[in-house]
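The values are calculated or read from the model by the stated rules, or taken from the named source; none is laboratory data. Small disclaimer: the values here were computed from a predicted structure and weren't measured. All Cβ positions, glycine included, derive from the backbone under ideal geometry; neighbour counts span all protein chains shown. Surface accessibility is based on the protein's heavy atoms, side chains included, excluding ligands, DNA and RNA. Shrake-Rupley method; radii C 1.70, N 1.55, O 1.52, S 1.80 Å.
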Amino acid sequence: MRVEVLVSTMHQKDKDFLEKMNISTDAIVINQTDYEGYQEFSFAEKTVKIISTTERGIAKSRNKALSNSDADICILADDDMQFSDTYEETASTVFNNHDADIIIFNLIDDNDDLNRKNDMVKKINIFNYMNYGAARITFRNSSIKKNNILIKEEFNGLKLPACGEDTLFLREALKKGLKIIAVPESLARLNNNRESTWFKGYTEQYFFDKGVILALAHPFLSIPFSLFLVLKHKEYSESGFSKLKVFKEILKGILFVAKSRL
């Protein structure tokens, strides 16, 4: 079972980031920069391919990596992740032990905390799939390609918010009947020493974007789902907004999508 890391990054000028990420498997790196180019070389006795491109967009980056991969198991990654010394063995073992198309792993941060920690193996469904970002997602390459599942930058003509591509990727996989599970094992640590490119806290924009994603993923159930999220996620109170205010901001995103379809 061959494991390959699909890395999305920007403006890399050398190979130092591969050492920082502790890459020890095959890898495909999409380097969004100011020129077109291709490199293939041996790194840690494995094959690394770096595709430099002037295209922009995280969805384009991940799809380009996926289209160039012929590995059995793919791991989505950003350049601020540091993989464990045993990540290849862990990924292979977990996939061998579970009949699943997509497996979501824990992701450790700099404080040795586990955000939304999985304490046990659990099935991912429409009620919990929105809890997980791309940096935790691994999948059987054959399952994704057989079902023609892509990471969308646009959906029904609307450009997705920066946080939306992984959510709709999992939603599409569920709609097509793929089996998704979350497991307690981890493959990597997230280095929190740089500012997120999209998460600026629980702001009005964050909740508006959440409404957009809900409306695109669940056109007829977006309002019940928004109520479910507001009541479930206590961390939304960190925004300083009341639950009613949070719901109203999410509703604005839902209505925006509804009006765009008229």
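For the reader, a short list of remarks on this structure follows.
- For the chain, the longest principal axis of the Cα atoms and the long axis of helix 87-97 meet at an angle of about 70 degrees.
- Computed over the chain, the percent of Cα pairs more than 32 Å apart is 22.
- Rounded tilt (10° steps) of 58-67 against the dominant C-alpha axis of the chain: 40
- Placing +1 on the Cβ of every Lys and Arg and -1 on the Cβ of every Asp and Glu, with nothing else charged, gives the chain a dipole about its Cα centre of roughly 1560 debye.
- Our helix-only sum for the chain, with -39,500 (n - 2.57) per DSSP H run of n ≥ 4 divided by its residues, gives a mean residue ellipticity at 222 nm of -10000 deg cm²/dmol.
- Segment 1-97, relative contact order in percent, only Cα pairs under 8 angstrom and at least six apart counted: 38
- Tilt relative to the chain, helix 204-217 - C-alpha long axis, 0 to 90 degrees, to 10: 80
- Once the convex hull of all Cα atoms in segment 33-89 is built, its volume per residue stands at 109 Å³.
- Segment 5-102, accessible surface, carbon-and-sulfur percent (1.4 angstrom probe): 41
- When each of the peptides 129-140, 243-254 is scored by the mean number of other C-beta atoms lying within 10 Å of its residues, the order from highest to lowest reads 129-140, 243-254.
- Rel. contact order, % - alpha carbon contacts under 8 angstrom, at least six apart, the chain: 18
- Dipole moment magnitude, nearest 20 debye, segment 12-156 about Cα centre, only Lys, Arg, Asp, Glu C-beta charged: 700
- Over 19 Å between alpha carbons, listed pairs K175/K234; K117/K234; K122/K152: K175/K234; K122/K152
- Evaluated at q = 0.21, 0.22, 0.31 Å⁻¹: base-10 log I(q)/I(0), Debye formula over Cα of segment 215-262: -0.70, -0.75, -1.15
- Semi-axis lengths (Å, descending) of the ellipsoid that matches the C-alpha gyration tensor of segment 1-116: 23, 16, 14
- For a straight C-alpha distance cut-off of 16 angstrom, the aspartates and glutamates reachable from K15 (same-chain residues fewer than eight places away being disregarded) are D26, E40, E45, D78, D79, D80.
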